[in-house]
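Data first, discussion second: the structure below is written as structure tokens.
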Amino acid sequence: MNDDTSSDAGRVVLLTTSHRVAPGLLSWQAWQVLHAADDVLCADSEHPQLPYLKEAGVEVTLGTPAARDLVERCADGGRTVVVLTTAEGDRRLTDGLATLAGSGRVAMPSLELLPGSYDLPGARLLDLVQVMDRVRRECPWSALRTHEDLAKYVIEEAYELVEAIEAGDREELREELGDVLLQVVFHARIAEEDTEEPFSVDDVAGGIVDKLIHRHPHVFGDESAATPEEVREIWLRKKAESKRRDSVTDGVPVGQPGLALAAKLGSRVRTAGLDVPVPEGEDVGAELLALALRAEASGVDPEAALRAAARAYRDAVRAAEGL
């Protein structure tokens, strides 16, 4: 808006909508402006909002005039013109209006940008689901992948994520989180095609939502927890209720790295209050097991500690090589 703007020059409202929100779900302010407007224009004859505007009795004129023509249309009795923007925006129109406003020689209408609908947090996840669906259907490589084919990539991406966390690289962390998320969405998309027990990414998300609510009664229920220790106690109790395991070792993946496996077993034993002696032996495996259990009991992640030591050793090797 510039100094030449006056009520007599009318009003231009650029109405934006999000394709991630169901068509027809517009804000109350947007509906008020649409019903009160003298003209509603839209350049896209396939705009998803058009059927709903028609149903609501809002007459829409297809096509968007050039900036100067739009200004003159508004100036005719101080009219209000709403332009329903396309998904790509109307760059030609907005640039033209900016040029006229900057010239200082044209009485400009008031210019408003009104979001009729906007994205909520997590809205881009919908894009990811749609893109993954198309990739699965149209990419020759992706269309043939199975859960078994992708299993190794889940492990690789998880390790790369851990590396980004330990390196403190924020940009790398963001990217690696995306790669891990892709694996989840890819597996869920494959699961939809199972003929006997199909499930979708919505089922996956719904399951984890239910689990989080169930295991956080101090957040979503009547229980209380004032310390992290009390939260952990509730979590373990709720987990035991839902899993109903025969052994504290049930659910511990034995395919994970050895030190991480030893630490996890040690944590389960310690939490259960069991007194299980470490198997005796003079081989390296027994020594490593005892060391891993001692580290876990003292609050040290032996896997992370060994990786840190290995990185330091790598740096020492490079230094010895003169690199």
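The values are calculated or read from the model by the stated rules, or taken from the named source; none is laboratory data. Here the structure is a predicted model, which means the values were calculated and not measured. Every residue, glycine among them, receives a Cβ derived from its backbone with ideal geometry; neighbour counts consider all protein chains shown. With ligands, DNA and RNA removed, areas are computed over all heavy atoms of the protein, side chains included. Shrake-Rupley method; radii C 1.70, N 1.55, O 1.52, S 1.80 Å.
Observations
- Failed item in (1) closer than 21 Å to Glu166 by Cβ; (2) surrounded by fewer than 14 Cβ atoms within 10 Å (Cβ to Cβ), with Glu287 passing the rest: (1)
- Residue list for the range 80-119, filter: open to solvent by less than 50 Å² (accessible area, probe 1.4 Å) and among the acidic types (Asp, Glu): Asp90
- Long-range neighbours under 9 Å by Cβ, at least six apart or interchain, first residue under 20 Å from Asp194 (Cβ atoms) within the range 125-146, second part of a helix (DSSP H, G or I) and open to solvent by 100 Å² or more (accessible area, probe 1.4 Å): Val129/Asp202; Ala143/Arg137
- When the range 192-213 is limited to residues that are charged (D, E, K, R) and not in a helix (DSSP H, G or I), the one that is surrounded by the fewest Cβ atoms within 10 Å (Cβ to Cβ) turns out to be Glu196.
- Out of Leu25, Leu41, Leu53, Leu15, one residue alone is assigned to a helix (DSSP H, G or I) and among the hydrophobic types (A, V, I, L, M, F, W, C). It is Leu53.
- Some residue of the range 253-265 being open to solvent by 70 Å² or more (accessible area, probe 1.4 Å) and of a type in the set (S, T, N, Q): no
- You will find that of Val248, Val231, the residue that is part of a helix (DSSP H, G or I), open to solvent by less than 90 Å² (accessible area, probe 1.4 Å) and more than 30 Å from Trp141 (Cβ to Cβ) is Val231 and no other.
- Qualifying positions in the range 224-241 - touching a helix residue (DSSP H, G or I) at 6+ places or on another chain (Cβ under 7 Å) and at pLDDT below 85: Leu236, Lys238
- Residues in the range 123-143 that are open to solvent by 50 Å² or more (accessible area, probe 1.4 Å) and either assigned to a loop (DSSP other than H, G, I, E, B) or charged (D, E, K, R) (or both): Arg124, Arg134, Arg137, Glu138, Pro140, Trp141.
- Members of the range 61-96 found to be in contact with a helix residue (DSSP H, G or I) (Cβ under 9 Å, 6 or more places away or on another chain) and either of a type in the set (S, T, N, Q) or over 24 Å from Met108 (Cβ atoms) (or both), listed by number: Leu62, Thr64, Thr80, Thr85, Thr94
A quick yes/no check of all residues on (1) of a type in the set (Gly, Ala, Ser); (2) within 29 Å of Ile155 (Cα to Cα); (3) more than 28 Å from the chain's Cα centre (by Cα):
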{"position": "His216", "(1), (2), (3)": "no, yes, no"}
{"position": "Ala263", "(1), (2), (3)": "yes, yes, yes"}
{"position": "Ser267", "(1), (2), (3)": "yes, yes, yes"}
{"position": "Leu293", "(1), (2), (3)": "no, yes, yes"}
{"position": "Gly299", "(1), (2), (3)": "yes, yes, yes"}
{"position": "Pro302", "(1), (2), (3)": "no, yes, yes"}
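- Residue in the range 134-146 that is touching a Phe, Trp or Tyr at 6+ places or on another chain (Cβ under 9 Å), β-branched (Val, Ile, Thr) and more than 28 Å from Gly255 (Cα to Cα) present: yes
- Residue match in the range 175-184 (condition: surrounded by 15 or more Cβ atoms within 10 Å (Cβ to Cβ), free of Cβ contacts under 8 Å to residues at least 40 places away in the same chain and charged (D, E, K, R)): yes
- The residues of the range 59-79 that are in a loop (DSSP other than H, G, I, E, B), surrounded by 11 or more Cβ atoms within 10 Å (Cβ to Cβ) and touching a Leu at 6+ places or on another chain (Cβ under 8 Å), listed by number, are Val60, Thr64, Pro65, Ala66.
- Count of residues meeting criterion [more than 24 Å from Ala9 (Cα to Cα), small (Gly, Ala, Ser) and in contact with a Lys or Arg (Cβ under 9 Å, 6 or more places away or on another chain)] in the range 106-126: 2
- Test: Ala226 is farther than 26 Å from Thr146 by Cβ and open to solvent by 60 Å² or more (accessible area, probe 1.4 Å): yes
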